[in-house]
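Here the structure is laid out as structure tokens; the discussion comes afterwards.
The values are calculated or read from the model by the stated rules, or taken from the named source; none is laboratory data. Note that the structure is predicted; figures quoted are calculated from it, not measured. Quick reminder, even Gly has a Cβ in these numbers, built from the backbone with ideal geometry, and neighbours come from all protein chains shown. To get the accessible areas, we keep the full protein, side chains included, count just its heavy atoms, and leave off ligands, DNA and RNA. Shrake-Rupley method; radii C 1.70, N 1.55, O 1.52, S 1.80 Å.
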Amino acid sequence: MRRDLQHWEEALQLAARLAPHRVPEIAREYAGQQEFEGNYSGALSNFERAIQDGAHILSRDDLALASAGGARCSIRM
């Protein structure tokens with residue numbers, strides 16, 4: 001529910017405690033929001049978190065999206 005309300009920090013904390021398999025997905029979505037808002041350093045760290053934590057959980061497409069987002073944020077920084 002926190003994710004749907006875009007309460008990203010709370011969603012990540014709850015997921016870390018209750019559903020660790022959801023953390024990479026939430027981190028990737030949060031990074032996309034941060035990138036849209038212009039917070040490239042925060043977005044980069046969340047894209048990296050999604051890649052590291054989700055290497056065995058996320059689909060190939062989701063990992064590609066996270067990698068592309070990380071590359072865009074690195075270029076903009």
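Things worth noting here:
- Heavy-atom SASA rank of Arg3, Arg76, Arg22, Arg60 (probe 1.4 Å, accessible area, largest first): Arg60, Arg76, Arg22, Arg3
- Solvent-accessible surface of protein heavy atoms, probed at 1.4 angstrom with all chains present, puts His21, His56, His7 in the order His56, His21, His7, largest first.
- The chain, dipole about Cα centre (Lys/Arg Cβ +1, Asp/Glu Cβ -1), debye to the nearest 20: 100
- Against the chain, whose longest principal axis comes from its Cα atoms, helix 40-53 is set at around 60 degrees.
- Largest-first ordering by accessible area, 1.4 Å probe, given options Glu10, Glu37, Glu29: Glu37, Glu10, Glu29
- Counting only alpha carbon atoms, the long axis of helix 60-76 and the longest principal axis of the chain meet at about 50°.
- Using a probe of 1.4 angstrom and keeping all protein chains present, the accessible surface of the chain works out to 63 square angstrom per residue.
- Carbon/sulfur fraction of accessible area - the chain, other protein chains in place, 1.4 Å, %: 51
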